[in-house]
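Peer 1: Got a structure for you, questions after.
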């Protein structure tokens, strides 16, 4: 009999727009992929956006360990184990380490059941542990855990709520992780401009993750326009953006190429090193702006407008600039702090920094990724950032069209 072969059983429940968001199919596929079985006990179909669907099903596997693997994936999809148990809490035995079976978080809204009450987890992000502290619960990176911390383990008493797609949002159907270079860029740009205006009107914070290609492609001038108009609250970038931005401000070149003529300048390959030297001589970017050494560019506008910025270094950085955080752990912490309360993020041709930021964000913060390479946009979605909006185009062209779209709206309002 099947019961004899499949002794480990648990009932799970899920609710929301299960059909629209294809969560139901994902649940069934997950069970089958793990060579387990399911039996739907109850299923109610919601007929409106305000009426969610509900499913209850029995999941059965050959061993308790195999069942746990299935349940871990189902919980990440939005299922919860249907019992009245509190979450399992195990104290950490050493700094920087969680118990063996700690629950690894997603970027979706998560609650844990403690003493019969559901607590919503703060600082939601993927790839973290959940620690119960006082009357609340919070996501912590493994390195932040300290001996004695109460860490959530197992899958019981955990509830995840994915960001479901509503039925009436076809006007924003571009907000999916489907990537195509054949879509009209203008349509996506107009809608992103609308999102930026809405974020600013609601008092939200907009963060940009920017690669040096913005300078190389001539998009710096348009990005500066966005800064001056108050659409940039946080700038996250690497050392290279600032170096080549300063190079352009001092010499009119980027990587030794004249930005006006597009031709390489004789001896121009030294310009980026001279730019670094000028900033060191001034004592950093802020003193360089204050003393008049740097009079234009992205960093100049950020400093003048009090835009929060973090420059994170890499092993290949020249210099680097004195403002660049070269300690990786410090840079991650600075990025995380800068992203607090951010409501919209745009990643402009910065694959590694963009993926890193995607890992730090909760799923309800929209993330726009613009890159000429479709693989870069796809990687963000594949790494778990399901909220990614992808536009495949030249970033300089994108910024010009974005500045124009925002300017057209402002002109009409005037």
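Peer 1: Could you go through the stretch 295-305 and let me know if any residue there is over 31 Å from the mean Cα position of the chain (by Cα) and more than 16 Å from residue 220 (Cα to Cα). Before you say what the answer is, go through the steps one by one.
Peer 2: Start the filter on the stretch 295-305 by keeping residues that are over 31 Å from the mean Cα position of the chain (by Cα), which leaves 295.
Still in the list and also more than 16 Å from residue 220 (Cα to Cα): none.
Among the residues of the stretch 295-305, not one is over 31 Å from the mean Cα position of the chain (by Cα) and more than 16 Å from residue 220 (Cα to Cα), which makes the answer no.
Peer 1: Within the stretch 46-55, is there a residue that is within 27 Å of the chain's Cα centre (by Cα) and surrounded by fewer than 18 Cβ atoms within 10 Å (Cβ to Cβ)?
Peer 2: Taking every residue of the stretch 46-55 in turn, at least one turns out to be within 27 Å of the chain's Cα centre (by Cα) and surrounded by fewer than 18 Cβ atoms within 10 Å (Cβ to Cβ).
Peer 1: Condition first: in a helix (DSSP H, G or I), over 21 Å from residue 357 (Cα atoms) and touching a strand residue (DSSP E or B) at 6+ places or on another chain (Cβ under 9 Å). Can you find one or more residues in the stretch 321-341 that meet it?
Peer 2: Filtering the stretch 321-341 down to residues in a helix (DSSP H, G or I) leaves 328-338.
So of that shortlist, the ones also over 21 Å from residue 357 (Cα atoms) come out as none.
Within the stretch 321-341, not a single residue is in a helix (DSSP H, G or I), over 21 Å from residue 357 (Cα atoms) and touching a strand residue (DSSP E or B) at 6+ places or on another chain (Cβ under 9 Å).
Peer 1: Of the residues 85, 15, only one is closer than 30 Å to residue 115 by Cβ, in contact (Cβ under 8 Å) with a residue 24 or more places away in the chain and outside any strand (DSSP E or B); which? Before you say what the answer is, go through the steps one by one.
Peer 2: Values: 15 fails: outside any strand (DSSP E or B).
From the options 85, 15, the qualifying one is 85.
Peer 1: Farther than 24 Å from residue 407 by Cα and under 21 Å from the mean Cα position of the chain (by Cα), is that true of residue 256?
Peer 2: no
Peer 1: Shifting gears a bit: Does the stretch 314-323 contain at least one residue that is within 12 Å of the chain's Cα centre (by Cα) and either surrounded by fewer than 17 Cβ atoms within 10 Å (Cβ to Cβ) or closer than 27 Å to residue 141 by Cα (or both)? It would help to see each step written out before you state the result.
Peer 2: Keep residues of the stretch 314-323 that are within 12 Å of the chain's Cα centre (by Cα), which gives none.
No, every residue in the stretch 314-323 fails to be within 12 Å of the chain's Cα centre (by Cα) and either surrounded by fewer than 17 Cβ atoms within 10 Å (Cβ to Cβ) or closer than 27 Å to residue 141 by Cα (or both).
Peer 1: A follow-up question, please. Residue under question is residue 344, and the condition is that it be buried (at least 16 other Cβ atoms within 10 Å of the Cβ), outside any loop (DSSP other than H, G, I, E, B) and at negative phi; does it hold?
Peer 2: yes
Peer 1: Yes or no: the stretch 392-407 includes at least one residue that is under 25 Å from residue 141 (Cα atoms), buried (at least 23 other Cβ atoms within 10 Å of the Cβ) and not assigned by TED's automatic domain parsing to the domain that holds residue 160.
Peer 2: Within the stretch 392-407 (the criterion being under 25 Å from residue 141 (Cα atoms), buried (at least 23 other Cβ atoms within 10 Å of the Cβ) and not assigned by TED's automatic domain parsing to the domain that holds residue 160), the answer is no, since none of the residues qualifies.
Peer 1: Separate question: So if I check each of 163, 178, which one is modelled with pLDDT under 95, under 19 Å from the mean Cα position of the chain (by Cα), part of a loop (DSSP other than H, G, I, E, B) and within 30 Å of residue 83 (Cβ to Cβ)?
Peer 2: Numbers: 178 fails: within 30 Å of residue 83 (Cβ to Cβ).
Among 163, 178, only 163 is modelled with pLDDT under 95, under 19 Å from the mean Cα position of the chain (by Cα), part of a loop (DSSP other than H, G, I, E, B) and within 30 Å of residue 83 (Cβ to Cβ).
The values are calculated or read from the model by the stated rules, or taken from the named source; none is laboratory data. None of the values given here were measured: they were computed from a predicted structure. Methodologically, a virtual Cβ is constructed for each residue, glycine included, from the backbone with ideal geometry; neighbour enumeration extends over all protein chains shown.
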